[in-house]
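*Asks:* Take this structure first; my questions come after.
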Amino acid sequence: VNLQSWGGLSSEQETLVPEWRHETLPKPAADGHTLLPYGLGRSYGDSCLNEGGAALLSSHLDRLISFDAASGEVHCEAGIVLKDLIEWALPRGWFLPVSPGTQFVTVGGAIANDVHGKNHHVEGSFGAHVTSLTLLRSDGSVLECSRSQNADYFRATLGGLGLTGFIVAARFRLKKVAGPWVDQEEIKFRSLRDYFALSEESKGHNYVVSWIDCLSARPDGSLKGIFIRGDHAAERGEPVAKADARLDVPFRLPSWVLSRASIGAFNWLYFAKNTQERAQSRRPYGPFFYPLDAIGHWNRIYGKAGLLQYQCVLPFRGAHESLREMLVQIARSGQGSFLGVLKNFGDQASEGLLSFPRPGVTLALDFKNEGARSRALFERLDRLVLEADGALYPAKDQRMGPEIFRASFPFLGQFCELKDPAFSSSFWRRVCPDVH
Ligand SMILES: Cc1cc2nc3c(=O)[nH]c(=O)nc-3n(C[C@H](O)[C@H](O)[C@H](O)COP(=O)(O)OP(=O)(O)OC[C@H]3O[C@@H](n4cnc5c(N)ncnc54)[C@H](O)[C@@H]3O)c2cc1C
């Protein structure tokens, strides 16, 4: 079967369907085929792909097992999609404790990348809310993992990139909310200094994120952007329509559609359309949390070569300078991106041995894949991330090398001892070629 990642990579893989009730992993047809769980393929690069190996699909493991209305703890199978969970939970007054920027993510995928949302500074990453998980290992064992039982496997599996075994089910806590509405405020800013000042003053808000026009970055620190902060509305309000896609990109567009000129024009319009310096509104949860989900298959606008995302985190000390330098490099290269996102993570350290979120500023940018040109730019950015003691996000990557991977994850040695030797990925073979 041909499996895809969100950035447009594809991989020929055998597919296997584990059954929870059987409590053992299916065996690959060919000797030596390694295994890798696959959720919805919303990872951008090759961390969800296992070229030439087998994919363990979680698509049929989509059942809610139990819910404790007193504590908000849900027990569900790992293939359940966040969108389905939200549509079940919201009418009952509950929401995800942490949500990534798309709701088309499985619970297994959310755990394996220890995903973060706009509320990292308040709630930490997804893993912080997981109380236990059931892990199938290739040696036939079924491990119940939590902070008190098999705690080392628990820490290795949060953010473990699907390499410690197959998660069949998990327990985690939902968050109580009044209803489906969010009070949002958008504030324009024109420099990195303003961005940092707004982040500081907005710590009391539950959700914060900024959209930036990276082509507007200048060496003096000027940068156009829109700072968005929000909180769940205190009243229940009217029910809202489900957050379904309203438009769809039916096929991959020709690559000339995205040029420096078209991206520049889009960014200019986006900034200019928001005429007010500050705008307040009450919005349904869909457009607030998942604006990109409104356009089905939006990744296809990047054409046949696909898109590359670059997401790093830079520790606060020195972040202003490093960010300024990175943004200037990107603006100069002319390889703009319309989806530039800046966000400050909070102080809460992630528990996962390979978790990406950590105190600092995270920058995420989408680029059209321009082959060698894109790689040359990314390598310049890598140097800046390394110098700043920062890290890259595996979920968004398809080309980082072993050096920056090792530098990004100080607990890698401990992780390697807990990895399941029968599991591997295209990503893993690149960043850790010596560890099976
Ligand atoms: C539009 C968009 C916005 C996004 N925004 C964010 C964001 O704000 N924050 C963020 O952190 N991420 C974000 N992401 C990335 C996304 O949240 C992650 O890549 C997520 O892990 C994808 O989940 P998935 O179910 O599609 O899993 P896949 O992409 O299929 O797999 C991801 C990883 O999980 C492993 N895995 C899947 N199922 C299991 C299982 N049952 N047991 C063990 N391992 C498993 C896989 O082996 C793989 O390593 C975004 C992605 C998109 C496309």
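The values are calculated or read from the model by the stated rules, or taken from the named source; none is laboratory data. The shown structure was predicted, so the numbers you read here are calculated from the model rather than taken from an experiment. Note: ideal-geometry Cβ built from the backbone for every residue, glycine included; neighbour counts use all protein chains shown.
*Asks:* When you look at Val142, is it under 20 Å from Leu61 (Cβ atoms), among the β-branched types (Val, Ile, Thr), touching a residue at least 12 places away in the same chain (Cβ under 8 Å) and surrounded by fewer than 24 Cβ atoms within 10 Å (Cβ to Cβ), yes or no?
*Replies:* It is true that Val142 is under 20 Å from Leu61 (Cβ atoms), among the β-branched types (Val, Ile, Thr), touching a residue at least 12 places away in the same chain (Cβ under 8 Å) and surrounded by fewer than 24 Cβ atoms within 10 Å (Cβ to Cβ).
*Asks:* Within region 116-132, restricting attention to residues that are part of a helix (DSSP H, G or I) and closer than 15 Å to Cys76 by Cβ, which residue is farthest from the ligand (Cβ to nearest atom)?
*Replies:* His129
*Asks:* Hey, can you tell me all the residues within region 312-339 that are under 22 Å from Ser47 (Cβ atoms), in contact with a Phe, Trp or Tyr (Cβ under 8 Å, 6 or more places away or on another chain) and outside any loop (DSSP other than H, G, I, E, B)?
*Replies:* Cys312, Val313
*Asks:* Name the residues in region 53-107 that are within 17 Å of Tyr290 (Cβ to Cβ) and within 8 Å of the ligand (Cβ to nearest atom), would you?
*Replies:* Val81, Ser99, Pro100, Gly101, Thr102, Phe104, Val105, Thr106, Val107
*Asks:* Same structure again: Pull out all pairs, ordered by first then second residue, where Cβ-Cβ is under 6 Å, the residues are six or more apart or on different chains, the first lies in region 339-362 and is farther than 25 Å from Arg147 by Cα, and the second is β-branched (Val, Ile, Thr).
*Replies:* Short answer, once both residue conditions are applied: Gly340/Ile212; Leu342/Ile212; Lys343/Val209; Lys343/Thr362; Asn344/Val361; Gly360/Val313; Thr362/Val313.
*Asks:* Condition check: within 11 Å of the ligand (Cβ to nearest atom) and modelled with pLDDT of 95 or more. Does Leu135 satisfy that?
*Replies:* yes
*Asks:* Go through (1) at positive phi; (2) away from the ligand (no atom under 16 Å from the Cβ); (3) under 17 Å from the mean Cα position of the chain (by Cα) one by one and return the number of the condition Leu314 breaks.
*Replies:* (1)
*Asks:* Scan the strands (runs of 3 or more DSSP E) fully inside region 1-115 and keep the ones with 2 or more residues being modelled with pLDDT under 95.
*Replies:* Ranges flagged: 2-4, 10-12, 14-16.
*Asks:* Among the residues of region 218-248, write down those that are outside any strand (DSSP E or B), modelled with pLDDT under 90 and not charged (D, E, K, R).
*Replies:* Pro239, Val240, Ala241, Ala243, Ala245
*Asks:* Between residues in region 106-126 that are under 18 Å from Arg155 (Cα atoms) and without any contact (Cβ under 8 Å) to a residue 60 or more places away in the chain and residues that are among the aromatic types (Phe, Trp, Tyr) and more than 7 Å from the ligand (Cβ to nearest atom), which pairs lie under 8 Å by C-beta distance while being six or more apart or on different chains?
*Replies:* Ala110/Phe126; Ile111/Phe126; Phe126/Phe172
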